[in-house]
Amino acid sequence: MTNAPSETITDAERYPTLSAAGRAMLDFLREHPRAPIYRNESGNRLTAEEVVRVRAFEQEVAAARVGWTPGEEPPWLEAFVARALDEVPFYRSYGSRPRRLGDLPTISRADLSRDIAAFVPDPVPVDRLINFRTSGTTGHPLLLASHPVVAASYLAFHRRALRRFGLELQHGRGQVGVVLLGLQRKCFTYVSVTPTQDECGLAKINLHPADWRDPSDRAAYLDALAPEVFAGDPLSFAELLTLPVHVRPRALFSTSMALSAGLRQRLEARFGCPVLDLYSMNEAGPLAVYDARAGGHVLLQHRLYLEILDTAGRPVAEGARGEITLTGGFNFCLPLLRYRTGDFAALRWSGGEPVLVDLEGRPPVRFRTRAGEWLNNIEITHALQPCALARFALHQSADGALRMRLPAGTDAGEVAAATARITALFGAGQPLHVASDPQWEDKVVQYTSELEGAGL
Amino acid sequence: MQREGPPLEALLRRLAETPEDFLAEPRFGASGVIEVRAVVADLLRLGGHRPEPAPLAAFAGEDARRDRNRLASVLIATWLLADEWFLAAKFPARELLSILQDDLRDLAGLVAARKFVTEAERREELARLVLARLGARPAGETPAQAQDRLTTLSSVERARVLRVSQAAAQRAREIREALARKAAEESADKWTRE
């Protein structure tokens, strides 16, 4: 990678279609007397033509059927594969188009990490490329090629997810559409407007007290913004629950980490709105949303095909757990051909649509009980579901002892409940050390073990 | 190219009519259907040879990313070499293996295998190359004519590939530079972050 200097861009480039009303929204967000210290600047970057294009895509997504017939590949797949083999330098070396998708090799995060340029199709113009970085937990930091249209297209899938819960976005001019909440020592924060939503406001803020002139400003500012949607992760939502806010959002989007049923229930009770647990990744955008009625995460993208593979790259038996592997996607700068995500789930059908069941963001790890029985980590996830833990990490030492790490400030009652559930699962006398960690990293490997045979 | 071979048209027709079995997916672990190593061994037996395991190892499918196109190309070439004229000529096994191992490795780096069947110039290049490596030329051509035509076909293709690869390297550089210029997250709005 070259060390080219970062671009200096202007507001005209950040907000190419900004109207007076949009400017007023930006000023309101930035200059409110209780506003946080905004550390950065960013924008939608959409041209007028691209706004039209994104709106058309939203209509396409709204009308599309998502899924395919079990045992068959979707009809769009053949042309997608042919185009990827023709236009994408990395895939071109595979040779001719196969009869079956499964005859092509798989790729992983390590391949994208090695040289992302090889995955950008030849026809994509270079001048409007943007990037998204992700640190991840696998040791392969990623710099992903994207485009303002791709970033704006996320909303099409958010709308589709909301529709499952009977909601249509309503906020527009003069209102705030979304506040993205972070809780990190260092967080990228900025304000913007969403042109496809009549320039409603967007604020990405950090709830960490260090980003505020007075910590009490947090609740006052959120109440003043009254966004239609909060987006965040379980950590920032747990912090939101501690604030004396009166705001009534119409929905919460939770991403990045597994959301426990306990925390979901507390959020839903407090805000009186649905909490949408989105399965989303920088490589492919919002993939699925949890819907208890379907028994798992229902897919959101109509041009994305999922395979579930075992460690040797073979399809697992129908309904069995394996690694989620993606082909397709809406990021035209990064078409995916059999991309192994590193996430695990089973694919089952509910009412004719594919559903990811028992989704876990990491390879399975087995834990050994006092009686010598192996437990899949998914069983621990299930056991701790009723506890309102924002995050936890569990490690088993070579001697079988467990160490559970929790973010500092986790409610003592929840710690006691989690301890009791772990003990019940592993058997009486199970050594368990609970550690409160004030330095909780943004992304943590949730399950680890030193025991031989723990990896599956 | 001292030896006069079969009419070029016959070989081109044979390639154009390559049966599905020879266009099937080379086997890699659990995926694919055709064990290319076994097909090469069959070819050698048809030519009256007793195949040795060591040289055949080059045709075992190990890494699909690296070898898929090469082995698919080898498979098509075995169909060509199973033509009656080649079998009757009883070429030495090492010459046949040299074509399948070395020449096909080079060619597969430039051409997607199916094009040896679907594109007229690539069919001709493969047929002429195989004849030339075995010291033969198409019926009715002088050695000089045969050599000229092969050189033209392969040099045009190599020049095209070179142009494409130079352009690709330049574009990859531009993409890396464009991405590096954008500060992390200073990019565009998403309503959720991962």
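The values are calculated or read from the model by the stated rules, or taken from the named source; none is laboratory data. Quick caveat, the model's predicted, so the values are computed rather than measured. All Cβ positions, glycine included, derive from the backbone under ideal geometry; neighbour counts span all protein chains shown.
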Filtering segment B:15-62 down to residues that are of a type in the set (D, E, K, R) and either in contact with a helix residue (DSSP H, G or I) (Cβ under 6 Å, 6 or more places away or on another chain) or surrounded by fewer than 15 Cβ atoms within 10 Å (Cβ to Cβ) (or both) yields B:E17, B:E20, B:D21, B:E25, B:R37, B:D42, B:R45, B:R50, B:E52, B:E62
Name the residue, out of A:A64, A:A56, A:A79, that is touching a residue at least 12 places away in the same chain (Cβ under 8 Å) and either closer than 28 Å to B:F22 by Cβ or among the small types (G, A, S) (or both).
A:A64
Here is a list: A:V150, A:V120. Which entry is closer than 28 Å to A:D198 by Cβ, within 12 Å of chain B (Cβ to nearest Cβ) and surrounded by 21 or more Cβ atoms within 10 Å (Cβ to Cβ)?
A:V150
Which of (1) crowded, with 17+ Cβ neighbours inside 10 Å; (2) more than 22 Å from A:C200 (Cβ to Cβ) is the odd one out, the single condition A:T10 does not satisfy?
(1)
For A:L304, the lone unmet condition from (1) away from chain B (no Cβ under 12 Å); (2) farther than 22 Å from A:T69 by Cα is (2)
Could you tell me which of the residues B:D42, B:D83 is at pLDDT 95 or above, closer than 18 Å to B:L11 by Cα and among the charged types (D, E, K, R)?
B:D83
Report whether or not B:R65 is surrounded by fewer than 22 Cβ atoms within 10 Å (Cβ to Cβ), of a type in the set (K, R), without any contact (Cβ under 8 Å) to a residue 12 or more places away in the chain and touching a Ser or Thr at 6+ places or on another chain (Cβ under 9 Å).
yes
Exactly one of A:E78, A:E58, A:E73, A:E50 is surrounded by 14 or more Cβ atoms within 10 Å (Cβ to Cβ) and closer than 30 Å to B:A64 by Cβ, and that residue is A:E73
When you go through (1) crowded, with 17+ Cβ neighbours inside 10 Å; (2) closer than 30 Å to B:G61 by Cβ; (3) at pLDDT 90 or above one by one for A:L142, which number turns out not to apply?
(3)
Which count do you get for residues in segment A:37-60 that are closer than 17 Å to A:T194 by Cβ, within 14 Å of another protein chain (Cβ to nearest Cβ) and not charged (D, E, K, R)?
7
Kindly indicate which of A:F253, A:F271 is buried (at least 24 other Cβ atoms within 10 Å of the Cβ) and of a type in the set (F, W, Y).
A:F253
Helices (runs of 4 or more DSSP H) enclosed by segment B:53-120 - at least 2 residues per element that are among the aliphatic types (A, V, I, L, M)
B:53-56, B:64-81, B:84-89, B:93-98, B:104-108
Would you please name the residue that is surrounded by the most Cβ atoms within 10 Å (Cβ to Cβ), looking only at residues in segment B:113-136 that are within 13 Å of chain A (Cβ to nearest Cβ) and either closer than 16 Å to B:L153 by Cα or not aliphatic (A, V, I, L, M) (or both)?
B:F116
Over segment A:387-403, the set of residues surrounded by 20 or more Cβ atoms within 10 Å (Cβ to Cβ), aliphatic (A, V, I, L, M) and closer than 16 Å to A:Q439 by Cβ is A:A390
List the number of the failed condition for A:V229; all other conditions in (1) crowded, with 17+ Cβ neighbours inside 10 Å; (2) at pLDDT below 95 hold.
(2)
Return the residues of segment B:157-194 that are in contact (Cβ under 8 Å) with a residue 24 or more places away in the chain and loosely packed, with under 15 Cβ neighbours inside 10 Å; say none if nothing qualifies.
B:R158, B:V161
Does segment A:123-133 contain any residue that is more than 10 Å from chain B (Cβ to nearest Cβ) and either modelled with pLDDT under 90 or surrounded by fewer than 21 Cβ atoms within 10 Å (Cβ to Cβ) (or both)?
yes
From (1) of a type in the set (A, V, I, L, M, F, W, C); (2) within 22 Å of the chain's Cα centre (by Cα); (3) facing chain B (nearest Cβ under 9 Å); (4) surrounded by fewer than 21 Cβ atoms within 10 Å (Cβ to Cβ), pick out the condition that doesn't hold for A:A110.
(3)
State which residue is farthest from the other protein chains (Cβ to nearest Cβ) when the search covers only segment B:137-151 and only residues that are in a helix (DSSP H, G or I) and surrounded by fewer than 13 Cβ atoms within 10 Å (Cβ to Cβ).
B:A144
Going residue by residue through segment B:144-163, is there one that turns out to be under 20 Å from B:L44 (Cβ atoms), of a type outside the set (F, W, Y) and under 13 Å from the mean Cα position of the chain (by Cα)?
no
